[in-house]
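What follows is a set of notes on a single structure, which appears directly below.
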Amino acid sequence: MLANRLSYFLWNGPPDAELRLVADEGRLREELLAQTERMLEDPRTSRFLRRFAYEWLRMDRHEGMTINVDKHPDYTRFVKRDMQEETYAFFGAVFADDLPISTFVDADFAMLNQNLAEFYGVPGVYGAHFRKVPIGEDRPERRCGLLSQGSFHVGHSDGNEPHPIKRAVWLKARLLGDEPPPPPPNVPDLDPSTPGFAKMTLKQRIESHRDKDSCRDCHAGIDPYGFVFERMSAVGRFEPKRKGKDIDATSTLPDGAEVDGLPGIRRYLVSDAKDAFARSLLEHLFAYALGRETGFADEAELDELLEQVKAGGYRARAAVRSIVSSPSFLSK
């Protein structure tokens, strides 16, 4: 049973001959971490990484989003395809090199091919294959990490403009483990009769909307996480101006942290929210490995897994090792 559980977790398929032999000889528990490492080195791990990335990051939203091509004519079906592959290739690179978990949000490289690099405006990338492209500090949007990737920005837009609330809810739920409550019934729509409505950016319209008493408290805990993405367009391009105005991407988060744009939220996630981000990744990975949602009864075990990941240097494979060694995984 454990061999099947491990294999379907890391390979999305049945055990190979070696894993079955180790299990049949009763050696699997004592060799569990060695077998886990062997399996992570196998190309079949890409099945797990793609599936987990799809579920954790809600890649279905990118698949299902229709972009207004009159407004974004360069956004072709080939760009859309490559945005999806960018995220999967990036995931693969983090686990292949056992990089720190913080790399997910603050990498010094991107995974690009020529088509996507040209769309993003990154020079010097040739050929259809995805490869690591070093990204320096000199670029204002620093095209690296999940928060820069088109699959995120497209999937959390309205097809025309960036959508700060969708992006904020995703960040809180997926990266900070803090799922916002659903909106209450009878929430009023954005009011087109607001003076200057047509010339407002979506951020400005939302700010006007949340001034209403019925909306203020809920939006105060969500919107600041989305406004930091305002300089990234609906298709994930750096956009310092919109509707003829300089874009303000500064924000004060609910805990009082002052952030400005992508660089600010990256620093926040790898410093102030380092443990919250690591625990959120663990919680989603734990649920994926067990094939069920986590609940209150899992809190103590998740806390222990976080301590093991800390001891392992916050590295990507430490998260996997902690989960396969956990009581819930071993006794499932």
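The values are calculated or read from the model by the stated rules, or taken from the named source; none is laboratory data. Every value quoted in this text rests on a predicted model; they were computed, and no experiment measured them. All Cβ positions, even for glycine, are placed from backbone atoms using ideal geometry, and neighbour counts span all protein chains on display. Heads up: the accessible areas ignore ligands, DNA and RNA and are worked out on the full protein's heavy atoms, side chains in. Shrake-Rupley method; radii C 1.70, N 1.55, O 1.52, S 1.80 Å.
Run the dipole for region 249-325 about the Cα centre, Lys and Arg Cβ at +1, Asp and Glu Cβ at -1, nothing else charged, and hand back the magnitude in debye, nearest 20. All intermediate terms of the calculation are to be shown ahead of the outcome.
Working: 9 positive and 13 negative charges, 103 e Å.
That gives a dipole near 500 debye.
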(request) Of the options Pro164, Tyr225, Ser331, report the single residue whose Cα projects farthest towards the positive end of the charge dipole of the chain (beta-carbon charges: Lys, Arg +1; Asp, Glu -1). (result) Pro164
(request) Quantify, in whole percent, the carbon and sulfur part of the accessible surface of region 113-166 (1.4 Å probe; protein heavy atoms only). (result) 54 percent
(message) Run the numbers for Glu118 and Arg267: contour at 0.36 nm per residue of separation, minus the present Cα-Cα distance, in nm.
(response) 50.9 nm
(message) With unit charges on the beta carbons (Lys and Arg positive, Asp and Glu negative) and the dipole taken about the Cα centre of the chain, which residue among Leu253, Gly136, Trp56 sits farthest to the positive side?
(response) Gly136
(request) Would you please put 156-165, 268-277 in order of how densely packed they are, using the mean number of other Cβ atoms within 10 angstrom per residue and starting with the highest? (result) 156-165, 268-277
(request) First check a/c for the chain, with a ≥ b ≥ c the square roots of the eigenvalues of its C-alpha gyration tensor; if it is under 1.5, answer rounded, and if not, answer prolate when a/b is larger than b/c or oblate otherwise. (result) prolate
(message) For a test of the definition: using alpha carbon positions, the gyration tensor, and the 1.5 limit on a/c, classify region 40-178 as rounded, prolate or oblate.
(response) rounded
(request) Hey, could you grab the Kirkwood Rh for region 100-167? Inverse mean 1/r over distinct alpha carbon pairs, Å, one decimal. (result) 12.9 Å
(message) Please list, by residue number, every one of the GluC sites (Glu not before Pro) in region 1-86 that is coil in DSSP and has at most 16 other beta-carbon atoms within 10 Å.
(response) Glu25, Glu30, Glu31, Glu41
(message) In Å², and per residue, what accessible area does the chain have when probed at 1.4 Å with the other protein chains present?
(response) 45 Å²
